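Some notes on the structure that comes next.
The values are calculated or read from the model by the stated rules, or taken from the named source; none is laboratory data. Quick caveat, the model's predicted, so the values are computed rather than measured. Here Cβ is always computed from backbone atoms with ideal geometry, including for glycine, and neighbour counts include all displayed protein chains. The area values use the complete protein model at the heavy-atom level, side chains included, leaving out ligands, DNA and RNA. Shrake-Rupley method; radii C 1.70, N 1.55, O 1.52, S 1.80 Å.
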Amino acid sequence: MNDRFDVIIYVESNLQIKITKYLLHNLFRSKKVLVILPESFYFSFQNLNCYIFISPIDLHGYKKLFLSLYNMRTQHIPEFECEIFIASFLTGLNSCFWERKIKYQKLGLIDDGLGTLFNLKYQREFESPRIESVFKIYNFLAMINTSKLPRIFCANHIKKSITYYYSVYYEEHELFKTVHIPIFKTEKNFIITDEIAFIGQPFVEQKQISSRDYINMMEKIRDKFGEKISYFPHPKENRVNYEEPMKFFNIIADLRVEDYFIDRRPKLLLSISSSVLINLKLRFGAESIYYVKLDTIKNKDIYKYYDLLESMGIQPLNID
C-alpha cells in the first residue's frame with residue numbers, strides 16, 4: 001500500500017460509516033482515500049472506491065490499551081501521509097493517536113453524535129474519568145519510551161488545529177469551515193406507525209445506574225402507555241441485563257434505529273440521551289420525539305446532555 005493519500009478518514013462508529021460513505025460518493029470521488037477502521041467495520045467498505053487499513057489500536061479501556069501497546073511492538077504501522085486527515089477528535093482517544101501518527105496538512109472533524117456536540121458546547125477534554133485515566137497511563141508510557149510511542153494530545157488541544165467540520169448537525173459553525181452532510185435529510189412523505197420505540201444506552205454496564213432503576217423506568221413507560229414497547233439495545237448493552245425482566249418488550253437488536261425507521265416514524269420515540277433522537281428529529285421533525293429525564297443516573301454531565309437535547313429541539317416527557 002502506498003503511504004501517501006489525498007484524504008485519510010478514521011472511522012469508529014456507525015454514524016461515521018454513513019458520513020464517510022457520503023464523502024466517498026460525493027466529495028472525494030476523484031480523490032485517493034484511505035479509510036482506517038476496526039476490523040468489525042471492514043465489510044461496510046470492502047466494495048467502495050477507497051483503500052482500507054485495519055487499525056490494531058484501540059485505547060478505549062485498560063485491557064485494550066495494553067493489547068494495543070503489544071500490537072505496536074509486534075506489528076508494522078505505516079507512516080501515512082495525506083493532505084486532509086478526518087476523524088472524531090473530540091470523542092475518545094483512538095483518533096488522537098492517529099493525529100500524532102499521520103503526517104497531514106489539514107485536519108477535518110467528523111461528527112460522533114451527541115459527544116461531538118457536547119464537546120463543542122462545553123469544552124470537555126475527556127468523556128469519562130476512565131478515558132482520562134487511560135490517556136494519562138498511555139502518555140506516561142510514551143514519556144519513558146519515546147522511541148516507540150507518540151505522545152497524544154487531548155481534544156481541546158487538537159480542536160485548535162481543525163480546519164474543516166464535516167457535520168450532520170450544522171450547516172455553518174463559527175469555528176470551522178463547515179461541510180454539511182445531509183444523510184438525515186427531511187422526509188415529507190412518511191408513514192406514522194403505531195409503535196412506541198425506546199433507544200437503549202449502556203448506563204447499567206457503565207455502572208451509572210442500577211439495573212433495577214433502569215427496569216423501573218421501562219416499566220413506568222409500559223404502564224403509562226399500556227402498549228408493548230419496541231426496545232432497541234445499544235451494542236454495548238449486555239442482553240442478560242434486560243432480556244428476562246423486559247420480556248414483555250419487543251427487543252430489536254439486529255437493526256440500527258435510523259435504518260429501521262428510514263421512511264416511517266414511530267408514534268412515540270424515546271430515550272434518555274441517545275444521539276438517535278436528534279438524528280431522527282432531523283429526518284421527521286421533533287413531534288413525538290422526547291427524552292426521558294432520569295435523576296438517578298450517576299453522571300455529573302447528564303443535565304448538560306438534557307440541556308443540549310432541548311437546545312436541539314428535543315423536549316422531556318414525564319413518565320410519572
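Screening Ile196 with (1) of a type in the set (Val, Ile, Thr); (2) in contact (Cβ under 8 Å) with a residue 60 or more places away in the chain; (3) surrounded by fewer than 16 Cβ atoms within 10 Å (Cβ to Cβ) gives one miss only, at (3). For the stretch 18-65, which residues satisfy the criterion of being touching a residue at least 40 places away in the same chain (Cβ under 8 Å) and among the small types (Gly, Ala, Ser)? Ser55, Gly61 - these are the residues of the stretch 18-65 that are touching a residue at least 40 places away in the same chain (Cβ under 8 Å) and among the small types (Gly, Ala, Ser).
Somewhere in the stretch 149-160, is a residue closer than 30 Å to Leu280 by Cα and without any contact (Cβ under 8 Å) to a residue 60 or more places away in the chain? Yes: one or more hits. Checking each residue in the stretch 94-137 for being open to solvent by less than 20 Å² (accessible area, probe 1.4 Å) and of a type in the set (D, E, K, R) picks out Glu99, Asp111.
Screening Phe203 on (1) out of contact with any strand residue (DSSP E or B) (no Cβ under 7 Å at 6 or more places or on another chain); (2) at pLDDT 90 or above shows it passes everything except condition (2). Of Leu269, Leu308, Leu282, Leu277, all but one fail to be open to solvent by 20 Å² or more (accessible area, probe 1.4 Å) and modelled with pLDDT of 85 or more; the exception is Leu282. The condition (being at negative phi and open to solvent by 50 Å² or more (accessible area, probe 1.4 Å)) is satisfied by just one residue among Ile152, Ile181, Ile144: Ile144. Of all residues in the stretch 27-41, at least one satisfies being within 24 Å of Asn279 (Cα to Cα) and open to solvent by 60 Å² or more (accessible area, probe 1.4 Å). Is there a residue being assigned to a loop (DSSP other than H, G, I, E, B) and either open to solvent by 70 Å² or more (accessible area, probe 1.4 Å) or touching a residue at least 24 places away in the same chain (Cβ under 8 Å) (or both) anywhere in the stretch 216-224? Checked against the condition, which is being assigned to a loop (DSSP other than H, G, I, E, B) and either open to solvent by 70 Å² or more (accessible area, probe 1.4 Å) or touching a residue at least 24 places away in the same chain (Cβ under 8 Å) (or both), the stretch 216-224 yields no hits at all.
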